Amino acid sequence: MASLSLALLLLAAALTPPALSLEQRMDAVHRELVTHFSRIVTLSGDAVTIETRIDADAPSIEQAFKPSWLDQDEFQQYGSELVTLDGSLVDQLATGAFHPIASVRGADEIFVRSPHDHTLQPAALYVPTTYDPAKPAPLVLFLHGKFWTEIDYMAMPFFRQLAESTGAVVVAPYGRGDIQYADPAPVDVYATLDAVVAALNIDRKRIYLAGHSMGGFGVFEVGPEHANRFAGFLCASGSMTDADREAVLHSFGDKPVYVVSGTLDDNIPNYYSVLTVQYLNNAGIPVMYYPQVGAGHSIKVIFPAFTKAWHDMLAGARSTTGMPLPAALPPGALLPAKPT
């Protein structure tokens, strides 16, 4: 009954004027989660984490918490999509009626059985409306940042528009949250990749690994395990670490790497992105550098450079006109330690 109630509320929000507020819709999502808590525990292995996610998302849709880097229209679109995806996540676990990957168009949540503990792990999936099952599409496996989830990125209108305009299928695994893509996250990441490739017509020669912030670090943490599966890598607002350096330099080979960073990033200093570029270049790995001058850390403020890197990645570019590599850093400069 609670599941039906949520479905009707979400339908009413879309079709009936005046629409339900975002707060009312989010409250309905939370009520369904609580009502079916034991079932969600059985399927997900950790309903407490899901409830924590929903509770953390609730303030995100309030006007008082609008980040300065989102304009009002973007914020409203983000809030609506956030609630819709949260609702999809909870409703599928509560009812057991999971959405087939092959049927997804636009943004939705999907679930993949983890080889690690056999729980159902969530991922956000975007399939462009122009996707044609008869034509192989490129796929970007995207790793989310710390304190964000896979839903946060897929709820951002500019992020969805980039996927739509380039015809790229994008899937963002939850990766067990904020564990820096340490075990068992890589197992879930690759299981998600396998599930999407099995369900959709994906061009096996155009699969890419990308990430932002913690996910940018994750590119160098997860990528070396099966680097041969990817046509290229995109690291935004992140860095290679000293602990991952040897594995990266030995596994990436001639696969191009696209590094994006705000020059005024006060979270992951631009210094580390520059150093990453230098290490890759010195190892003979094709690397392109995309500085967003005067920008900080969030994906929105670096989005012009991120968009350029994304297009170049999908095009297989190995050099960037007018964007030379940064000047070499002093001898002995050190990459950061692996985040904790």
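Across segment 286-306, what is the number of residues that are surrounded by fewer than 18 Cβ atoms within 10 Å (Cβ to Cβ) and of a type in the set (V, I, T)? Residues flagged as surrounded by fewer than 18 Cβ atoms within 10 Å (Cβ to Cβ) and of a type in the set (V, I, T) within segment 286-306 amount to 1.
Can you tell me which residue is nearest to E150 (Cα to Cα) among those in segment 58-80 that are assigned to a helix (DSSP H, G or I) and of a type in the set (D, E)? Only one residue tops the list, namely E74. The set of residues in segment 67-87 being in contact with a helix residue (DSSP H, G or I) (Cβ under 6 Å, 6 or more places away or on another chain) and within 30 Å of H118 (Cα to Cα) consists of E81, L82, V83, L85, D86, G87.
Inside segment 225-240, residues that are surrounded by fewer than 24 Cβ atoms within 10 Å (Cβ to Cβ) and in contact with a Leu (Cβ under 6 Å, 6 or more places away or on another chain) make up a count of 1. Select, from A94, A64, the only residue that is farther than 25 Å from I179 by Cα and touching a helix residue (DSSP H, G or I) at 6+ places or on another chain (Cβ under 6 Å). Answer to the selection: A94. The residue list V222, V259 contains one member that is of a type in the set (A, V, I, L, M) and closer than 30 Å to I101 by Cβ, which is V222.
Has segment 188-206 got at least one residue that is in the same structural domain as H116 (by TED's automatic domain parsing) and over 24 Å from E150 (Cβ atoms)? Checked against the condition, which is being in the same structural domain as H116 (by TED's automatic domain parsing) and over 24 Å from E150 (Cβ atoms), segment 188-206 yields at least one hit. Applying the criterion of being crowded, with 23+ Cβ neighbours inside 10 Å and among the aliphatic types (A, V, I, L, M) to the residues of segment 113-130, the residue that is farthest from the chain's Cα centre (by Cα) is V127. N281: under 30 Å from S103 (Cα atoms) and of a type in the set (S, T, N, Q), yes or no? Here the answer is no, as N281 does not meet what is asked. In the condition set (1) surrounded by fewer than 17 Cβ atoms within 10 Å (Cβ to Cβ); (2) of a type in the set (A, V, I, L, M); (3) part of a loop (DSSP other than H, G, I, E, B), A243 is compliant with all but (3). Please go through segment 238-286 and give me each residue that is free of Cβ contacts under 8 Å to residues at least 24 places away in the same chain and closer than 23 Å to F303 by Cα, ordered by number. P269, N270 - these are the residues of segment 238-286 that are free of Cβ contacts under 8 Å to residues at least 24 places away in the same chain and closer than 23 Å to F303 by Cα. Among the residues of segment 199-213, the ones that are among the aliphatic types (A, V, I, L, M) and surrounded by 24 or more Cβ atoms within 10 Å (Cβ to Cβ) come to 2 in all. Once segment 174-198 is narrowed to residues that are charged (D, E, K, R) and part of a helix (DSSP H, G or I), the residue that is surrounded by the fewest Cβ atoms within 10 Å (Cβ to Cβ) is D194. Looking at this structure, is L43 outside the structural domain of D178 (by TED's automatic domain parsing), of a type outside the set (G, A, S) and part of a helix (DSSP H, G or I)? Criteria met by L43.
Determine whether segment 64-72 contains at least one residue that is hydrophobic (A, V, I, L, M, F, W, C) and within 21 Å of the chain's Cα centre (by Cα). Within segment 64-72, one or more residues are hydrophobic (A, V, I, L, M, F, W, C) and within 21 Å of the chain's Cα centre (by Cα). Of all the numbered requirements in (1) part of a loop (DSSP other than H, G, I, E, B); (2) touching a Gly at 6+ places or on another chain (Cβ under 9 Å); (3) surrounded by 17 or more Cβ atoms within 10 Å (Cβ to Cβ), L264 misses one, and that requirement is (3).
The set of residues from segment 131-145 being crowded, with 16+ Cβ neighbours inside 10 Å and either without any contact (Cβ under 8 Å) to a residue 60 or more places away in the chain or more than 11 Å from the chain's Cα centre (by Cα) (or both) comprises Y131, A137, P138, L139.
The values are calculated or read from the model by the stated rules, or taken from the named source; none is laboratory data. None of these values were measured; they are calculated from a predicted model. So basically every Cβ, Gly included, is an ideal-geometry build from the backbone, and we count neighbours across all protein chains shown.
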